[in-house]
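Peer 1: One structure coming up, written as structure tokens, with questions to follow.
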Amino acid sequence: MKIKDKKWIRIRIYITGICFFLAFCVIFLRAYQLQILEGSQLSSLAKRGYTGKLTLISQRGTIFDRNGKELALSIQVDSLCCYPKEVKNKTTAATRLASALNLDKRDVLKKLHSSRSFAWIKRKVTPEEINKVRGLNITGIDFIKESRRYYPCMETGAHVIGFASQDNKGLEGIELEYNRYLEGQEKRFSRIHDALGRSLIFNGPRIERQDPFNLILTLDKDISYKARKALMKAVRRSRARSGVCIVMRPQTGEILAMAVAPEFNPNIFWKYQPYEWRNRAITDCFEPGSTQKTFLLAGALEEGVVSPETVLNCEKGKYAIGSFIIHDSRPYGMLKVSEIIKFSSNIGAIKIGQRLGAERFNYYLKRFGFGEQTGIDFPGERKGILRPIRNMSLVGKSTLYFGQGISVSPLQLAMAFGAIANGGHLMRPYIVKSIVDQKGKAIRNFYPSIRRDVISPETAERVRRVLEGVVRKDGTAPEAAIKKYSVAGKTGTAQKVDPIKKTYSNKKFVAIFGGFTPSDSPALVILVALDEPKGIPYGGVVAAPVFSDVGYWTLNHLNIAPSFQPETSLSASKARTLRKNRHDASHPGKEKIIALRPDFPGSMPNLIGLGVRDVLKKAKQLGLRVVIKGSGMVVKQVPEAGAPLTKDRSLTVIFRPPV
Amino acid sequence: MMLFLFLLVGISHVWVNSKRTQIGYSLSHIKKEIGQIREYNRKLKLEIASLKSPESLEKKAGKEFGLRYPLPKQIVFLP
């Protein structure tokens, strides 16, 4: 090989080496750029490609009654949203969406033209609407899971429980008062997914706050239902404007039921007017009328100015106070104090009041909790009006003795009756018994608390004995009596003030009955008030039957033994009747045959009207793969009933809650 | 020998990774199923609560089984 050739080879090697070196430098510089200069930016870009975030919406805490039965719970539902910038041909999309969702086209179009990046189209849509919208194939719209609140007992206890908004915020009642405990926080998971978007690994969740807590109330849903039903019956019968029925445990202050009319269904609260949501037992006030005489008697007995046997002159039904004449419904003459209460004589009440003195009476009214809040754990409580005695005229002081010129809430009145029933202790009423976490562990318990002692146990006992007379045959409320149980109570028929004439109306009244049973060992205080009943307005006629009805049912429900000696041996004829009834009940000929839906073998069964549990059971029997949409009762099934079972064996069932 | 060992380690690494991916898939699938079952469970609870509401029970007892509340004279108090 010539020297020249060798030189050329060397040059070529150098050139190749330099090329490799340069190429290596380029690669090195690129690697430096990618790894060092843009490393963090690119790595986060890549991470975005294979990781994602999954947001699990929080479920609001459940509300239970005192027996652990659900009164309010949340489940997941879908809501339809749009990303306006991604929606093409907005006018057509709006027309199709509006017709599928039964919305106004202009509203939908406005949302699609929104300058924001996100807008809700319709929240909490039904499974049928989801199917319709999916079938439209519109780009730029999406479904997001949200939590929806359900109240399975519907109107029962609605005014106490209240309701929550679409955004899971408590708006009324216990839902509002305990919102900070019931409200949950969204949970965010990070996940790694593949190119097809399938999840691979979950990390987290990053819990930003505790899970929501559940509430256990003092309410009993069965008693609440009974109170509601009896109250509604009385409201309908008397054509009253509104009504209230409170059932309370006098020893503890636990509220067992609080029924209010007009009622509303919290599942569809937006269809009612705000005045129908109001818990009138706590937010409305009225004059107590003759029920006030109970507390007058308690004060007078406590001070020793009268005894139940003291005889007073009731002036034959007419008594002048200054230039005013006070009337009684009947011309009573000389009456014992116990009879004054039994017959509800206004003049008799003034005579007792004169012995006690207005200042002392006012003192006792304050002690019984009038003119101040009861301290119940409920929003919007009113304290009523109790005017200072020094601002009152002689007539004002006299009419105060029989319940005029003072305004009280039904709850205040119930608590005051409770103080008579339990031996003189004014209790704080409460609705929430316990706040528990998701595992059922109590984080806070509420206990009975005595606000103050109002009268001595001996005085309370004497008042109870006098009040028992009210429900006797010759008293003002024989209809409040409960068979086999002793009852004590007081009626009230308060005239309402005419807002135009500024005088007491002769047509508008509030009918009240407050009392407790069994009177020898009170287990229940029940207060019933009906606003503006038509026809006979007396508390003993309109409100007392509700007391008797609710009291009788509740005593049986709580297994409280009767006060009177029960019949221990059956007479021969009664025993025969009982045996006959038993025989009839067990006789096969009397059985009622319940028709089941006919299903044909090899065909799809009819599931309409069934619940989730029955559907799953049936699907399991037939080996069907079932897809459940919504909750409640079946309203639609695909394939329809009677269709032949295919090899695919899949079944889609759409549920809707029975609202 | 070294080559064989190298191959063995390589194959094992690939196998472990593919197994990990498979387990990841089934884990996320199971988690999704658990979520669905939990939601079914809540819906069933709602249904039970709705069916057990006094109003629904009373309606069913009356219409389907012909039951009614006992009259006061039909209640016998035992000592």
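Peer 1: Grab the DSSP H runs of chain A that are 4 residues or longer, score each as -39,500 (n - 2.57), total them, divide by all residues and round the 222 nm result to the nearest 500 deg cm²/dmol. Could you put the intermediate results ahead of the total?
Peer 2: Details: 22 runs with 226 residues, N = 659.
Estimated from H runs of four or more residues: -10000 deg cm²/dmol.
Peer 1: Related question: For the protein assembly as shown, build the charge dipole from Cβ charges (+1 Lys, Arg; -1 Asp, Glu) around the Cα centre, then report which of B:Phe77, A:Trp270, A:Leu22 sits farthest towards its positive end.
Peer 2: Positive-end residue among those listed: A:Leu22.
Peer 1: Let me ask something else. With Cβ to Cβ distances under 12 Å as the rule, what net charge do the other residues near A:Asn137 carry (K, R +1; D, E -1)? Spell out each step's value before the answer.
Peer 2: Details: positive: A:Lys88, A:Arg96, A:Lys132, A:Arg134; negative: none.
Counting the neighbours of A:Asn137, the net charge comes to +4.
Peer 1: What is the local net charge at A:Gly357, summed over the other residues whose Cβ is closer than 11 Å to its Cβ (Lys, Arg +1; Asp, Glu -1)?
Peer 2: +1
Peer 1: What is the distance in Å between the Cα centroid of segment B:27-49 and that of segment A:486-529?
Peer 2: Cα centroid of segment B:27-49 versus Cα centroid of segment A:486-529: 50 Å apart.
Peer 1: Next question, about the same structure. Give me the inter-chain shielding for A:149-155: mean count of other chain Cβ atoms within 10 Å, whole number please.
Peer 2: Mean shielding count: 5.
Peer 1: Sticking with this structure for a sec: Given a cut-off of under 8 Å on Cα pairs at least six residues apart, what relative contact order in percent is computed for segment A:221-330?
Peer 2: Relative CO of segment A:221-330 lands at 16 percent.
Peer 1: Same structure, new question: Mean separation of Cα pairs under 8 Å and 6+ residues apart, divided by the residue count of segment A:305-393: what relative contact order is that in percent?
Peer 2: Numbers: 102 pairs, mean separation 20.2, N = 89.
RCO, segment A:305-393: 23 percent.
Peer 1: A further question on this structure: Size of the dipole of segment A:221-557 about the Cα centre, Lys and Arg at +1 and Asp and Glu at -1 on the beta carbon, nothing else charged, in debye to 20? Before the final figure, lay out the partial values.
Peer 2: Numbers: 50 positive and 28 negative charges, 138 e Å.
My answer is approximately 660 debye.
Peer 1: Sticking with this one: Compute the signed sum of charges (Lys and Arg +1, Asp and Glu -1) over the other residues within less than 12 Å, Cβ to Cβ, of A:Ser449.
Peer 2: Charge balance in the 12 Å sphere: +1.
Peer 1: Can you list the lysines whose alpha carbon is less than 19 Å from that of A:Lys233, not counting same-chain residues fewer than 8 positions off?
Peer 2: Within reach: A:Lys221, A:Lys534, B:Lys59.
Peer 1: Considering only DSSP beta bridges where both residues belong to chain A, give the percentage that are antiparallel (nearest 5).
Peer 2: Close to 90 percent.
Peer 1: Taking the Cα centre as origin and putting +1 on Lys and Arg beta-carbons and -1 on Asp and Glu beta-carbons, what dipole magnitude results for the protein assembly as shown, to the nearest 20 debye?
Peer 2: Numbers: 120 positive and 64 negative charges, 590 e Å.
I would put it at about 2840 debye.
Peer 1: When the dipole is taken about the Cα centre of segment A:612-656, and only Lys, Arg (+1) and Asp, Glu (-1) are charged at their Cβ, what size is it in debye, to the nearest 20?
Peer 2: Result for segment A:612-656 is approximately 160 debye, rounded to the nearest 20.
Peer 1: Here's another thing I want to ask about it. Once each part is reduced to its C-alpha centroid, what is the distance from segment A:619-643 to segment A:228-291 in angstrom?
Peer 2: Centre-to-centre distance over Cα atoms comes out at 41 Å.
Peer 1: Let me ask something else about it. Which one, A:Ser165, A:Cys82, A:Thr517, projects farthest toward the positive side of the charge dipole computed for the protein assembly as shown from Cβ point charges (K/R +1, D/E -1)?
Peer 2: With unit charges placed on the Cβ atoms, the residue in question is A:Cys82.
Peer 1: Considering the protein assembly as shown, what Rg and Dmax in Å follow from its alpha-carbon atoms?
Peer 2: When restricted to the Cα atoms of the protein assembly as shown, Rg and Dmax are 37.0, 156 Å.
Peer 1: Return the lysines within reach of B:Lys63: Cα separation strictly under 17 angstrom, same-chain partners fewer than 8 residues apart disregarded; answer none if there are no such residues.
Peer 2: Within reach: A:Lys590, A:Lys592, B:Lys52.
Peer 1: Within chain A, which whole H helices from DSSP have a Cα span along their axis of at least 18 Å and a mean Kyte-Doolittle hydropathy of 0.5 or more, if any? Walk me through the numbers before you get to the answer.
Peer 2: Numbers: long enough: A:3-32 (42 Å, 0.99); A:221-238 (25 Å, -0.87); A:544-557 (19 Å, 0.06); A:572-586 (21 Å, -1.64).
Answer set is A:3-32.
Peer 1: Right, something else. On a 31 Å Cα-Cα criterion, which of the cross-link pairs A:Lys271/A:Lys617; A:Lys47/A:Lys105; A:Lys169/A:Lys229 come out too long?
Peer 2: With Cα atoms farther than 31 Å apart: A:Lys271/A:Lys617; A:Lys47/A:Lys105.
Peer 1: May I pose another question? Using a Cα-Cα cut-off of under 16 Å, which aspartates and glutamates could be cross-linked to A:Lys636, ignoring same-chain neighbours fewer than 8 residues away?
Peer 2: A:Glu128, A:Glu129, A:Asp614
Peer 1: Which of the listed residues, B:Leu44, B:Gly62, B:Leu27, is farthest toward the dipole's positive end in segment B:17-67, when Lys, Arg count +1 and Asp, Glu count -1 at the beta-carbon?
Peer 2: Result: B:Leu27.
Peer 1: Once phi is turned into θ = phi - 60°, what whole-Hz ³J(HN,Hα) does the Karplus curve with 6.51, -1.76 and 1.60 give for every residue of segment B:61-74, x standing for Gly and Pro?
Peer 2: In residue order, the calculated couplings are 4, x, 6, 8, 10, x, 8, 8, 5, x, 6, x, 6, 8 Hz.
Peer 1: Give me the percent of DSSP beta bridges within segment A:612-656 that run antiparallel, rounded to the nearest 5.
Peer 2: DSSP beta bridges in segment A:612-656 are roughly 50 percent antiparallel.
Each value in this text was obtained by applying a stated rule to the coordinates, not by laboratory testing. Treat the numbers as computed from the prediction; the structure is a model and nothing was measured. Reconstructed Cβ throughout: ideal geometry from the backbone, glycine too, with neighbour counts over all protein chains shown.
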